[in-house]
Amino acid sequence: MARVSFAVLWVALFAAIGIGLLIGVSNVTPAWGGPTWFIARNGSYEVIAFGIATVVVGRVLNGRSWANMGWQPRTARSFGRGLVLGAAMAVAAIVLAVVLDGARVRITNDANLWVGVAAPLLTGLVLSALGEELAFRGFPLRRLADGIGVLPAMLVLAALFGVAHAGNDNATVFSTINVALAAIWLSVAFLSTGGMGLAWGAHLGWNAGLAILFDAPVSGILFHVPVVEYTPGAHAWVDGGPFGPEGGIVATLAMAGGVGYLLTRPVAFAPAATA
């Protein structure tokens, strides 16, 4: 019981420092970049806040190694693998939306605007994916897993991840469940020896695949990326409607497939480094 209590208290301290810094940095920093760089700006604040929380609570106070918190020598390689996996799952979700619900993807005539929109958006997606992985995987997932067990830790953080997105535009109970399922997928990626690199890459691949390749909403946010335009079908429970694929069964199937793929890898859940 004491071990469980300590794990919860350490993660609560991590969250308090991270959230406090996030609020503080966002309030005192000038709104650089304007609306175009909004996602990048917020993502950078998340990385700073939860990066500092990781150093202070995870490294200094808990004495955790960087490898234990997911930063392994093969992080760059794992990031690339995760990027491909996440993008492939995003493509699968869109294909399912087209086949099952008549969603449409069409090419537009505004290619000259693409770089001006895609460059800041991709930068923002890179940063926001890292910020969320630091906040919900990384130290908190490893510390909770050590204290209460792997599966309970995954479920607790998945529930919190779902709730954190429940206030997004057009969110539903179904979308919240799917976002929680996405957190389980990313937790499996983190714990299956892929560490932070695999989880971060998969998170980015999914978000960028939906937003940049198809201009589909990501967790209720539509970015209006030129060149391509996505229109959902008639049934929101199938393709998510205005929330994006994460609000429909197409994401449920994609996430379940992603979890199954990772769990069948030979190195799934090998012991993590502790030094």
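The values are calculated or read from the model by the stated rules, or taken from the named source; none is laboratory data. From a predicted model like this one, the values you see are computed outputs, not experimental measurements. Don't worry about glycine lacking a Cβ; one is built from the backbone with ideal geometry, like all the others, and counts go over all protein chains shown.
For beta carbons closer than 7 Å, sequence separation of 6+ or different chains, a first residue in region 102-124 that is on the phi > 0 side of the Ramachandran plot and a second that is surrounded by 14 or more Cβ atoms within 10 Å (Cβ to Cβ), the qualifying pairs are G102/G233.
Among the residues making up region 223-256, those that are touching a strand residue (DSSP E or B) at 6+ places or on another chain (Cβ under 9 Å) and aliphatic (A, V, I, L, M) are V227, V228. State whether one or more residues within region 76-87 are without any contact (Cβ under 8 Å) to a residue 24 or more places away in the chain, within 30 Å of F6 (Cβ to Cβ), out of contact with any His (no Cβ under 9 Å at 6 or more places or on another chain) and small (G, A, S). Within region 76-87, not a single residue is without any contact (Cβ under 8 Å) to a residue 24 or more places away in the chain, within 30 Å of F6 (Cβ to Cβ), out of contact with any His (no Cβ under 9 Å at 6 or more places or on another chain) and small (G, A, S). Could you tell me which of the residues G43, G58 is over 20 Å from the mean Cα position of the chain (by Cα) and modelled with pLDDT of 95 or more? The match here is G58. Across region 219-233, the qualifying residues are those that are in contact (Cβ under 8 Å) with a residue 40 or more places away in the chain and hydrophobic (A, V, I, L, M, F, W, C), and the one among them that is farthest from G167 (Cα to Cα) is V227. Total residues in region 176-196 satisfying the condition of being polar (S, T, N, Q) and either surrounded by fewer than 24 Cβ atoms within 10 Å (Cβ to Cβ) or in a loop (DSSP other than H, G, I, E, B) (or both): the figure is 3. Selection of region 230-266 for residues being farther than 13 Å from I177 by Cα, surrounded by 15 or more Cβ atoms within 10 Å (Cβ to Cβ) and over 18 Å from the mean Cα position of the chain (by Cα) yields Y230, P232, G233, H235, A236, V238, D239, G241. Selection within region 23-43: residues that are in contact with a Gly (Cβ under 8 Å, 6 or more places away or on another chain) and not β-branched (V, I, T). The member of this set that is surrounded by the fewest Cβ atoms within 10 Å (Cβ to Cβ) is F38. Checking each residue in region 155-188 for being of a type in the set (G, A, S) and within 15 Å of W206 (Cα to Cα) picks out A180, A182, A183, S187.
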